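Only the coordinates and a few stated rules stand behind these numbers; no lab work does. These numbers come from a predicted model, not from an experiment. Note that we place each Cβ from the backbone using ideal geometry, even for glycine, and neighbour counts take in every protein chain shown.
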Amino acid sequence: MKVVWTVVAIMGLVVGGVVAASAQDVGSLGGRISFAGDPPAKKKLDVTKDKEVCGKTELYDESLVVGPDKGVKNVVVTVVGAKGGKFASQKATLDQRGCTYTPRVVVVPTTGELDILNSDGILHNIHTYSTANPAINKAQPKFKKVLTEKFGKPEIIKASCDAHAWMTGWIVATDHPFVGVTDEKGNFAIKNVPPGNYKVEIWHETLGKQVKEVSIKAKEEAKLTAELKK
């Protein structure tokens, strides 16, 4: 029995060493997406319903948000064909707060769930438009604080509120974690990418899609920049 336990212990150390080494043999992708041209002027939204809640603050069209330095917010960056990896969480959250979707773009694992919150205390109705996944069209009264939904196939899905026509959001269902969304400065970061040569898809709801090529090396951060225009 002592011999058996010694062998098992040695094998455990070897396997542990392999796992630790493989965890270090990954790279990352970071970069910035900018707008080509003059940034568009902010457009105020016309709040026509539930003004006591939706009109507490001024709402603006967020279909194209460009910062002072021309960084584009809410761009989806996907490393195509990357395998493996682990999601930080199997849960994602989309809140309806101030009669807007927060965040406007949410990433959801196809193996996970999306909690749709109603923080406004009024009637919302989430309606999704998709092809790979079943569409959702559900009322969410003020007493129903959370709806939980699943999206089993990769797809970028538009969401709107049938009760408030100006509300728009996007659900990015993905079967791997190598997806990033740009911040208000146009920056993004995707961690723990296996080394290799990849195509990278850059998608924005109004500016369309671009495809770039990138090489990821172990223990290094690859940089990617792109300009989007109308």
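Quick notes on this structure:
- Selection from the range 136-158 of residues that are closer than 20 Å to Gln90 by Cα, in a strand (DSSP E or B) and not polar (S, T, N, Q): Val146, Leu147, Glu149, Glu155, Ile156, Ile157
- Taking the criterion of being under 14 Å from Ser130 (Cα atoms) and either in contact with a His (Cβ under 9 Å, 6 or more places away or on another chain) or assigned to a loop (DSSP other than H, G, I, E, B) (or both), the residues of the range 159-200 that qualify are Ala159, Ser160.
- All told, Ala92 meets the bar of being free of Cβ contacts under 8 Å to residues at least 24 places away in the same chain and assigned to a strand (DSSP E or B).
- So Leu114, is it closer than 17 Å to Asp183 by Cα and under 15 Å from the mean Cα position of the chain (by Cα): no
- Looking only at the range 102-119, and only at residues there that are outside any strand (DSSP E or B) and free of Cβ contacts under 8 Å to residues at least 60 places away in the same chain, the one that is surrounded by the fewest Cβ atoms within 10 Å (Cβ to Cβ): Ser119
- Cβ-Cβ under 6 Å pairs, at least 6 apart or on other chains, the range 121-144 side touching a residue at least 24 places away in the same chain (Cβ under 8 Å) and surrounded by 13 or more Cβ atoms within 10 Å (Cβ to Cβ), far side among the hydroxyl-bearing types (Ser, Thr, Tyr) and part of a strand (DSSP E or B): His127/Ser160
- Pairs with Cβ under 7 Å, 6+ apart, first in the range 24-39 and within 18 Å of Ile202 (Cα to Cα), second surrounded by 19 or more Cβ atoms within 10 Å (Cβ to Cβ) and of a type in the set (Ser, Thr, Tyr): Ile33/Thr182
- Val79 part of a strand (DSSP E or B) and either among the β-branched types (Val, Ile, Thr) or surrounded by fewer than 11 Cβ atoms within 10 Å (Cβ to Cβ) (or both): yes
- If you go through the range 210-230 and keep only what is exposed (fewer than 12 other Cβ atoms within 10 Å of the Cβ) and under 20 Å from Glu62 (Cβ atoms), you end up with Lys229, Lys230.
- Residues (buried (at least 17 other Cβ atoms within 10 Å of the Cβ) and touching a residue at least 60 places away in the same chain (Cβ under 8 Å)) located in the range 145-165: Ile156, Ala159, Cys161, Ala163, His164
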